[in-house]
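Q: Shown below is the structure under consideration.
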């Protein structure tokens, strides 16, 4: 029997040493596991050290991903959203998807889609320089010619795969940083044209259309001039002008103060959901497991959510399920942060504190 809900967890594809360009941030050659291993050892971090029950595995290894796919699918997580990057004129961190997930013998148990994480890559990924992380290593902005190359790559390499997640036959593609997109392409009108070209390419490839999803942050305005801050427009106006088919979130921290108890955070988040349900662009509810970014720091610096127990997380999942049930959405989709954001303290993978309890909460709410 098909699962009634599409439960999609973000995947941070940095837990591998297969991508050699990661050595600039994590020179030990094990990806961001290097940071996880040190977390809580240099200064006290709430709830740390936490250690993965599966060990510091290479998530670009198909044997590793076979185990992770089974664990996800058995507990009701049936979609992975892969953070996907394009830096310095080429893709970055594709290994976990290409070599791990897609080569896993059981990958047909899951579907996946891409979130283009088109933010700048800064020295924030390097724990040694995180506390002074203003330096941009690679920009996430692309001009129109590079944008077309990005579109061609994802259409040709991924959209046609049977396991690529689609809504009404339309491949889903999520964009993380709308301001960076506007700045790189040259403003609102140029971005509207670029997204139109993307849709045309998708249709030419044989699909009904593209399902373009936005990673929604707060309700702030966007600079749409493409040059300076001379033209600023409200968020909803820009999103509707660009024709996004839906919205969701990446993290609760983008929406509200996380330096308090999880039930208080959830109360605010539910109010924000109610604000967004009145717009023309459908909103898919999002649930974050937690938030504490101090593992990436060399001194205490990050707000940290408290009481994000599996039971409180389950309450958030129930709220998201109720939202889907009470709204006429294009798909029964819930997004979760995340499968493996260890250094942000927001992950479903089992650890030595709660074991598989977060995954069990997903199973209790959505089935497996």
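Q: Given the structure, is residue 247 surrounded by 16 or more Cβ atoms within 10 Å (Cβ to Cβ), without any contact (Cβ under 8 Å) to a residue 40 or more places away in the chain and touching a strand residue (DSSP E or B) at 6+ places or on another chain (Cβ under 8 Å)?
A: Against the criterion (surrounded by 16 or more Cβ atoms within 10 Å (Cβ to Cβ), without any contact (Cβ under 8 Å) to a residue 40 or more places away in the chain and touching a strand residue (DSSP E or B) at 6+ places or on another chain (Cβ under 8 Å)), residue 247 qualifies.
Q: I need a count of the residues in region 258-309 that are outside any loop (DSSP other than H, G, I, E, B), without any contact (Cβ under 8 Å) to a residue 24 or more places away in the chain and over 20 Å from residue 334 (Cβ atoms).
A: The qualifying residues number 1.
Q: Just to be sure, is residue 33 modelled with pLDDT of 95 or more and either within 30 Å of residue 244 (Cα to Cα) or more than 21 Å from the chain's Cα centre (by Cα) (or both)?
A: no
Q: Here's another thing I want to ask about it. Return the residues of region 176-197 that are in contact with a helix residue (DSSP H, G or I) (Cβ under 8 Å, 6 or more places away or on another chain), within 17 Å of residue 153 (Cα to Cα) and surrounded by fewer than 20 Cβ atoms within 10 Å (Cβ to Cβ); say none if nothing qualifies.
A: 197
Q: Do any strands (runs of 3 or more DSSP E) entirely within region 43-146 hold 2 or more residues that are modelled with pLDDT of 95 or more, and if so, which?
A: Here the list reads 79-87, 90-92, 111-116.
Q: Further question on the same structure: In region 221-235, is there at least one residue being touching a helix residue (DSSP H, G or I) at 6+ places or on another chain (Cβ under 9 Å), in a loop (DSSP other than H, G, I, E, B) and at pLDDT 95 or above?
A: No, there is no match, as no residue in region 221-235 is touching a helix residue (DSSP H, G or I) at 6+ places or on another chain (Cβ under 9 Å), in a loop (DSSP other than H, G, I, E, B) and at pLDDT 95 or above.
Q: Does region 301-316 contain any residue that is surrounded by 19 or more Cβ atoms within 10 Å (Cβ to Cβ) and closer than 21 Å to residue 111 by Cβ?
A: Checked region 301-316: no residue is surrounded by 19 or more Cβ atoms within 10 Å (Cβ to Cβ) and closer than 21 Å to residue 111 by Cβ.
Q: Another question, if that's okay. Considering only residues that are in contact with a strand residue (DSSP E or B) (Cβ under 8 Å, 6 or more places away or on another chain) and part of a loop (DSSP other than H, G, I, E, B), look in region 1-24 and name the one that is surrounded by the fewest Cβ atoms within 10 Å (Cβ to Cβ).
A: 19
Q: Let me ask something else. Filter region 127-143 for residues that are loosely packed, with under 15 Cβ neighbours inside 10 Å and more than 26 Å from residue 37 (Cα to Cα) and give the result.
A: 143
Q: Output the residue which, of all residues in region 30-42 that are assigned to a loop (DSSP other than H, G, I, E, B) and in contact (Cβ under 8 Å) with a residue 40 or more places away in the chain, is surrounded by the fewest Cβ atoms within 10 Å (Cβ to Cβ).
A: 42
Q: Please determine whether any residue of region 46-62 is over 28 Å from residue 366 (Cβ atoms), in contact (Cβ under 8 Å) with a residue 40 or more places away in the chain and out of contact with any helix residue (DSSP H, G or I) (no Cβ under 7 Å at 6 or more places or on another chain).
A: Checked region 46-62: at least one residue is over 28 Å from residue 366 (Cβ atoms), in contact (Cβ under 8 Å) with a residue 40 or more places away in the chain and out of contact with any helix residue (DSSP H, G or I) (no Cβ under 7 Å at 6 or more places or on another chain).
Q: Would you call residue 162 touching a strand residue (DSSP E or B) at 6+ places or on another chain (Cβ under 6 Å) and either closer than 23 Å to residue 234 by Cα or at pLDDT 95 or above (or both)?
A: no
Q: I'm told residue 211 meets every condition in (1) touching a strand residue (DSSP E or B) at 6+ places or on another chain (Cβ under 7 Å); (2) farther than 23 Å from residue 280 by Cα except one. Can you identify the failing condition by its number?
A: Among (1) touching a strand residue (DSSP E or B) at 6+ places or on another chain (Cβ under 7 Å); (2) farther than 23 Å from residue 280 by Cα, the lone unmet condition for residue 211 is (2).
The values are calculated or read from the model by the stated rules, or taken from the named source; none is laboratory data. Values in this document were obtained by computation on a predicted structure and should not be read as measured data. For neighbour counting, all protein chains shown are included, and Cβ atoms are generated from backbone atoms with ideal geometry for every residue, glycine included.
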